[in-house]
1. Placing unit charges on C-beta atoms (Lys and Arg positive, Asp and Glu negative, everything else neutral), compute the dipole magnitude of the chain about its Cα centre in debye, rounded to 20.
2. For every helix of n ≥ 4 consecutive DSSP H residues, a contribution of -39,500 (n - 2.57) applies; sum these over the chain, divide by its total residues, and give [θ] at 222 nm rounded to the nearest 500 deg cm²/dmol.
3. For a label point 7 angstrom out from the Cα of Val268 toward its Cβ, which stretches of the stretch 196-222 have the backbone nitrogen within less than 19 Å?
4. Just to check I understand the Karplus step: with θ = phi - 60° and J = 6.51 cos²θ - 1.76 cosθ + 1.60, what whole-Hz values come out for the stretch 98-109, glycine and proline as x?
5. Hey, rough spin-label estimate for Ser246 and Glu160, points 7 angstrom out along Cα→Cβ, what's it come to in nanometres?
6. May I ask which residue of Val64, Gly151, Leu81 lies farthest towards the positive end of the charge dipole of the chain, with charges of +1 (Lys, Arg) and -1 (Asp, Glu) on Cβ and the Cα centre as origin?
7. Looking only at the stretch 114-147, which residues have a backbone nitrogen under 17 Å from a spot 7 Å from the Cα of Arg176 in the C-beta direction?
8. How much length would be gained if the chain were fully extended between Ala92 and Thr76, taking 0.36 nm per residue of separation minus their Cα-Cα distance, in nm to one decimal?
Amino acid sequence: MPHSATRATVVVAGLLAAVAVAPVSPAGAFPRPRVPSCAIETLAQPAGMYRTEAYAVDPSGRYVAGGALRVTDEGTESFVLLWDRGRLRTIASPLGEYVVDVNIRGVVVGNGHVDGRSQPWTYHGGVFTHLATLPGGVFADAVNARGDVVGYGYDEVSGEPFAVRWPASRPGTVERLDAPAGAMALGITRDGSIVGTAGGPEDFTGWVRRPGGAYDTLTVPGARSVQVDAAQGRWVVGRADLADGSHVPVRWNLRTGRYAALAPEVGVLTDVNGRGVAIGGEWVVRGATARQLPGGGARTVGARAIADDGTVVGFRNDGRVSAVRWTGC
């Protein structure tokens with residue numbers, strides 16, 4: 001076995017060893033717990049759209065936010081979709097349909113363009129609000145319960161990314177964070193902890209900015225590169241790229257700093273909830289075990305976000321892309 005492959009095998013083995021395994025009870029000592037059913041349903045759809053998708057769900061599961069496109073004789077029209085306890089509101093959007101997050105107050109965050117330049121925005125209470133921008137362009141990526149939004153921009157001269165925050169306490173402002181070089185802020189928790197990725201493209205590193213302003217690195221020993229994708233509560237998910245070119249999905253605990261490798265078949269993780277349940281592609285991961293979401297097969301399905309109650313939202317493509325929700329998975 002080549003040395004690089006041996007090293008990668010050792011890394012994966014070490015990562016998997018970090019996953020806690022509950023002791024097995026003697027057969028028949030306790031009744032076997034019922035495996036919850038896992039069901040997919042198409043969310044309420046606006047009429048006349050050729051594409052709908054659910055992009056985000058708030059931690060409580062009440063609000064689901066997404067987008068829709070409609071073709072007319074004049075061109076393509078964009079709409080933001082907001083389901084409140086399953087009831088749909090369809091909002092004509094001057095800023096496009098791409099939603100990135102929604103919080104427990106129903107504040108929707110997204111990205112669009114105005115006059116050829118990036119324009120992040122929020123929608124709440126019937127009003128679209130432009131978020132402050134910076135030269136070179138900025139993009140929103142996540143919002144927490146308080147309404148703080150984080151994302152990233154690009155330096156006008158060097159083109160290097162940098163992390164930004166739009167603080168809820170100072171509406172109309174944006175601040176460049178003193179994060180590591182090349183940082184992109186990709187998640188923010190209820191307490192204000194911000195996570196993201198820096199550096200790259202061959203040596204990405206994960207980082208967390210604590211509420212008090214201190215920074216820590218999110219690492220996986222032996223990995224050549226680490227990328228962070230999302231955070232909720234005390235959990236962060238991302239991936240570690242190994243020496244042989246493969247990668248392993250990873251979940252970190254922000255309180256303890258410990259990490260665990262997740263099921264490798266999942267590939268790239270897209271979200272995690274406050275209980276540490278992660279999603280990616282057509283998979284939901286509880287502990288270290290991955291379960292395939294129903295509705296796929298000849299069709300294509302994709303999970304975009306997960307709430308603390310386990311509600312998963314995303315899309316199904318059976319010739320037409322439609323917003324869907326999974327429960328009990």
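Taken together, the values in this text are just the output of simple stated rules run on the coordinates, not laboratory data. Quick caveat, the model's predicted, so the values are computed rather than measured. When we count neighbours, we look across all protein chains shown, and the Cβ atoms used for this are built from the backbone with ideal geometry, even at glycine.
1. Magnitude of the dipole: close to 1280 debye.
2. On the way: 1 runs with 15 residues, N = 329.
Mean residue ellipticity, 222 nm, calculated: -1500 deg cm²/dmol.
3. 196-207
4. Going residue by residue, I get 7, 9, 10, 6, 8, 9, 5, 9, x, 7, 9, 10 Hz, with x marking Gly and Pro.
5. 3.4
6. Result: Val64.
7. Residues 132-140 qualify, since their backbone N sits under 17 Å from the label point.
8. Details: separation 16, 0.36 × 16 = 5.76 nm, distance 1.15 nm.
That pair, Ala92 and Thr76, stretches by 4.6 nm at full extension.
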